């Protein structure tokens, strides 16, 4: 079984005053290869300070996006190498909010994931359908297309993480039911084994859609759910650690 990954995504939230929440998580997560792996993906402004504050703990720090280029005339962007230099070990790519707000296509996401691999980061590649696509019965078609277009050619099974995030369940309080989650995670697993063979069984598939302490245990118990990509509930150490402890049971 793949090692469970409990990952937080702070999105555009967090100032230096909020580093205390990160430090609290770090203090509760032991540096060990046993139990769930724990990660907080943060705004770029917090990565260096956060990474320094959790040295010696089991908490990993990641970024929320990256540019596909190593450097250059791309004002306001941040490269995967910059994230790595600041102390990140993971980066989210293709989050639905990036796809919507910045028109990031599958090919852009694949280029970003490839850049992450180039820099020595693990990309968390996000896929997911809108409510209109679900209502139209196109979920499996959409997920299959995004998987095919968003995973770069230079990826290996051991170097990537996939996150399924139904767009209609992000920040809305709505959560896909267990049958819906199982169906999509099962499809993703099959697509991964088609792509990578037996090694595809080891790729972690996270669920990202309003996971919280109240529903985490049920969701984490669904077949082929290997962790969570957690938004709002990751902003408070108490909530995030409650999910982590459920995953550790």
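What follows draws every value from the coordinates through simple rules; no lab data is involved. Treat the numbers as computed from the prediction; the structure is a model and nothing was measured. Neighbour counts run over all protein chains shown; Cβ positions are idealised from the backbone, glycine included.
Structure values in brief
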| read-out | value |
| --- | --- |
| Rounded Å value of the spacing that divides the Cα centres of region 50-123 and region 220-249 | 22 Å |
| Added length on full extension, which subtracts the Cα-Cα distance from 0.36 nm per residue, residue 77 to residue 44 | 10.9 nm |
| For the chain, built as a Gaussian network whose Cα springs stay under 10 Å, the top-fluctuating residue of 88, 238, 73 | 73 |
| Residues 138, 97, 156, 64, sorted so that the one with the fewest Cβ neighbours within 10 Å comes first | 156, 138, 97, 64 |
| Cβ-derived FRET efficiency at R0 30 Å, residue 55 paired with residue 159, nearest 0.05 | 0.80 |
| Computed [θ] at 222 nm, helices only, for the chain once each DSSP H run of length n ≥ 4 contributes -39500 (n - 2.57) | -12000 deg cm²/dmol |
| Cα centroid separation - region 4-35 against region 148-219, whole Å | 21 Å |
| Residues 207, 164, sorted so that the one with the fewest Cβ neighbours within 10 Å comes first | 164, 207 |
| GNM flexibility winner over the chain from 19, 83, 121 (Cα, springs under 10 Å) | 19 |
| Residue 217 paired with residue 12, simple spin-label distance in nm, labels 7 Å along Cα-to-beta-carbon | 3.7 nm |
| Peptide ranges 42-55, 24-37 listed from the most packed, as the mean C-beta count within 10 angstrom indicates | 42-55, 24-37 |
| Label point distance in nm, residue 248-residue 174, each placed 7 Å from Cα along Cα→Cβ | 3.5 nm |
| Candidates 228, 197, 149, ranked by Gaussian network fluctuation over the chain, Cα under 10 Å, top entry | 197 |
